[in-house]
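The numbers here are math on the coordinates, done by the rules we state, and not lab data. Note that the coordinates shown come from a computational prediction; the quantities given were computed from them, not determined experimentally. For neighbour counting, all protein chains shown are included, and Cβ atoms are generated from backbone atoms with ideal geometry for every residue, glycine included.
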Amino acid sequence: AREQLLHAQKMDAVGKLASGIAHDIHNVLGIILGFARTRQRLDEPQDDLAPVAQELADALEGTELAARRGAAVCRKLLNFSRRSVTLTETFDVAEALRELRPLLQQLLPPNIRLEIKTPDQPLPIHFDRNQFELALLNLVTNARDAMQEGGVCVVGAEPYGDGQIEIAIRDNGSGMSAEAVQRAFEPFFTTKPVGVGTGLGLSVVYDLVQRAGGDVIIDSTPGFGTAVKIRLPRTDSVTAQMPEQSPASLRVWL
Ligand code: ADP
């Protein structure tokens, strides 16, 4: 519950930050466009070019100031994104899912049954544990939202292919249109009402998983349900290719 609250607060902050930045950039571009129009003065017949030259010089100076402001806004955004530090570690995802059961259960109303399907063998992945839990909360929340009339949410993990692990979140809810599947990873893409959806859940999950060398696949059939599959390298196969990392290495993602 604490993590959920934290997550909601983070999403709220990101949304506010994004609209603030869009507003700032819009203002700055408006100012620059205004100054750029000064060029039209050169099309008018002039007896004396000196006043026009002065206007152009003023416009260029104003443009420089506005562009500096725009650059400062972008720096602010970059600093914000650098602040998100991930703490990666190797952990058994099968055990992690079993431990998450009470938290996930709490998200679901009584008419949705939760099934956790994990093998007895350990399934080691290298990921930020906290981010992993937030990702699961996000995906199970999506499954819940798709099952307004109830249903089953199956969260499972199993070995996949050669040296990968697949974590799947399945529901038998509304499913997604082909367009929604295609756009699902776009930041701010949502079909939910304003205030309910941020459109950031899947894009953040996709980003995190890609950074970890994995992939996210959506299988969905309208009217039948959706499976979101996260494929990540098995750590015991990755360590052969990657330089040894300390169990909890601090990594800043840019
Ligand atoms: P949000 O949940 O805030 O809308 P997401 O990025 O998590 O943002 O999801 C984007 C969109 O993808 C959702 O609005 C919804 O239309 C669709 N979606 C995601 N997961 C599911 C699911 N399990 N079943 C049906 N639609 C889904």
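With 0.36 nm allotted per residue and the present C-alpha distance subtracted, the residue 99-residue 48 stretch has 10.4 nm of extension available.
Taken over the chain, lysine pairs spaced eight or more positions apart, or on distinct chains, with alpha carbons under 29 Å apart number 8. Sum up the charges of everything whose Cβ sits under 14 Å from the Cβ of residue 155, counting Lys and Arg as +1 and Asp and Glu as -1, but leave residue 155 out. Combined, the nearby Lys, Arg, Asp and Glu give 0.
Across all directions, the average flat footprint of the convex hull enclosing the Cα atoms of the stretch 16-175 is 15.8 nm². Expressed as an acute angle from 0 to 90° and rounded to the nearest 10, what is the orientation of the C-alpha long axis of helix 50-83 relative to the principal long axis of the chain? The two axes meet at around 10 degrees.
For the pair residue 121 and residue 6, label points projected 7 Å from Cα toward Cβ lie 3.3 nm apart. Taking every DSSP bridge with both residues inside the chain, close to 80 percent are antiparallel.
Distance between the pseudo-spin-label points of residue 113 and residue 26 (7 Å out from Cα toward the beta carbon): 4.9 nm. Positive contributions from Lys and Arg (+1) and negative ones from Asp and Glu (-1), summed over other residues with Cβ under 13 Å from the Cβ of residue 111, come out at 0. For the stretch 157-185, backbone nitrogen atoms closer than 13 Å to the point 7 Å from residue 229 Cα along Cα-to-C-beta are found at 157-162, 164-170. Given the DSSP H assignment, sum -39500 (n - 2.57) over each helix run of at least 4 residues in the chain and divide by its residue total; what's the result at 222 nm in deg cm²/dmol, nearest 500? One gets -16500 deg cm²/dmol as the mean residue ellipticity at 222 nm.
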